[in-house]
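Participant: Please see the structure below; I have some questions.
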Amino acid sequence: MDPNKYAKRAKFKSLPLDFQYQDAAGYESNWDYIKNTFSNYHFDKWQFDEEGDWFDVLGRFELAPNMEDILKTMEEESKKVGWHDLTTMAVHPGFPGGQSPLHNLEEYDRRASGIAGEFTQIVPEPAMCEIPEIQNLATYWKMKRLRTRIHVQMPGQTFIQHIDKLWHRNPADPTKVLRIMVALKDYEPGQIITYGNAIYTRWKAGDVSTFDTLNVPHASVNLSRTPRPFLIITGVRTEETDEILSKSNEGTLHRV
């Protein structure tokens, strides 16, 4: 994969160093603000998107033999906190003070969508610090300002369409921010992720993917009978990161 593939279509190559979404004043909806201000996605619901357009599969990891046991613990841990809780309790990673400055706009979208429950359950970073089998998957990518968490989407949970807000992680060059997704269990029928108009399913445990966080709207739903755990790795690319990415494609086997 070309490490700068997504950067080429970014609206902003740099932002003020104190950027915290100050220009959202006047918006009620987080979706409207992010879509109108930052995204270069086409937003044509009839246009066909596919793998390689707005998301890419980067190969796979051979997961540790004891990963199944680790996941049992992580799934129990995830029941303690959900996505909405992170901001409500002001413990959201990546934002000063632990709360998104767009919290009120996010709540507006939540009410407007009619979603009453959690989008997904979360295993926050502190719960994974002492688990090398998880940490090694994250540090492998040689990123700076590394943040990790596990999303455990329970049966029936839906994460409505949204565009990630990661520009504040590196405002000097937001195109350097990278988000990696690692499937920790095999896909089960009914587990779906969408990137724009593309549908991603049928992943295997260890499969690695990434997507154009600056532009593409994405969503997920778990209509199966089992939890769907993904490791979410976010950081700022380095030269070492770009070297790994440049050698990664759907058939790459990553070893830790």
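Values quoted throughout were computed directly from the atomic coordinates according to the rules given, and no laboratory measurement underlies them. Please read all numbers here as calculations on a predicted model, not as lab measurements. Because the Cβ atoms are built from the backbone with ideal geometry, glycine has one as well, and the counts that use them run over all protein chains shown.
Participant: Amide H of residue 191 versus every other amide H placed in the peptide plane: which residues, excluding those fewer than 5 positions away on the same chain, fall under 5 Å?
Facilitator: 223, 224
Participant: Still on this structure, I have one more. How would you classify region 46-177 from its alpha-carbon gyration tensor, with a ≥ b ≥ c the square roots of the eigenvalues: rounded for a/c under 1.5, else prolate if a/b is greater than b/c, otherwise oblate? Present the calculation step by step, with values, prior to reporting the outcome.
Facilitator: Numbers: a/c = 1.33, a/b = 1.18, b/c = 1.13.
Here region 46-177 falls in the rounded category.
Participant: Arrange the peptides 4-16, 46-58 so that the one whose residues have, on average, the most other Cβ atoms within 10 Å appears first. Each step should come with its number before you reach the end.
Facilitator: On the way: 4-16: 14.5, 46-58: 16.0.
Output ranking for 4-16, 46-58: 46-58, 4-16.
Participant: Moving to a separate point now. Of the listed values (i) 257, 29, 27; (ii) 55, 37, 28; (iii) 51, 40, 39, grab the one calculated as Cα extents along the principal axes in Å from the structure here.
Facilitator: This structure yields the entry labelled (iii).
Participant: Tabulate in residue order the Karplus-calculated ³J(HN,Hα) for region 217-227, using 6.51 cos²θ - 1.76 cosθ + 1.60 with θ = phi - 60°, rounded to whole Hz; enter x for Gly and Pro.
Facilitator: Rounded to whole hertz, the list is x, 9, 7, 8, 8, 10, 9, 8, 9, 10, x.
Participant: How large is ³J(HN,Hα) for each residue in region 52-65, as worked out from phi by the Karplus curve 6.51 cos²θ - 1.76 cosθ + 1.60 (θ = phi - 60°), to whole Hz, x for Gly and Pro?
Facilitator: x, 7, 10, 9, 9, 8, 10, x, 8, 9, 7, 6, 4, x
Participant: Can I ask one more? For residue 103 and residue 188, what is the calculated FRET efficiency with R₀ set at 25 Å and r taken between the beta-carbons, to the nearest 0.05?
Facilitator: My answer for the efficiency is 0.15.
Participant: ³J(HN,Hα) across region 66-75 via Karplus (A = 6.51, B = -1.76, C = 1.60, θ = phi - 60°), whole Hz, x for Gly/Pro?
Facilitator: For region 66-75, the Karplus-derived couplings read 8, 4, 4, 5, 4, 5, 4, 5, 5, 5 Hz, x marking Gly and Pro.
Participant: What shape does region 117-207 take by its C-alpha gyration tensor, where a ≥ b ≥ c are the square roots of the eigenvalues and a/c under 1.5 counts as rounded, a/b above b/c as prolate, and the rest as oblate?
Facilitator: On the way: a/c = 1.64, a/b = 1.22, b/c = 1.34.
Verdict is oblate for region 117-207.
Participant: If Lys and Arg each add +1 and Asp and Glu each add -1, what is the summed charge of the other residues whose beta carbon sits under 10 Å from the beta carbon of residue 205?
Facilitator: On the way: positive: 60, 185, 204; negative: 62, 68, 186, 207.
So the environment of residue 205 carries a net charge of -1.
Participant: Now, a different point. Name the residues whose placed amide hydrogens come within less than 5 Å of the amide hydrogen of residue 186, ignoring near sequence neighbours (fewer than 5 apart) on the same chain.
Facilitator: 205
Participant: Suppose R0 equals 25 Å. What FRET efficiency, 1/(1 + (r/R0)^6) with r the Cβ-Cβ distance, do residue 256 and residue 80 give to the nearest 0.05? Before the final figure, lay out each step's value.
Facilitator: On the way: r = 27 Å, r/R0 = 1.10.
That gives a FRET efficiency of 0.35.
Participant: So what is the 222 nm mean residue ellipticity for the chain from helices alone, if each DSSP H run of at least 4 adds -39500 (n - 2.57) and you divide by all residues, rounding to the nearest 500 deg cm²/dmol? Intermediate values should be presented prior to the final figure.
Facilitator: Working: 6 runs with 53 residues, N = 256.
It lands at -6000 deg cm²/dmol.
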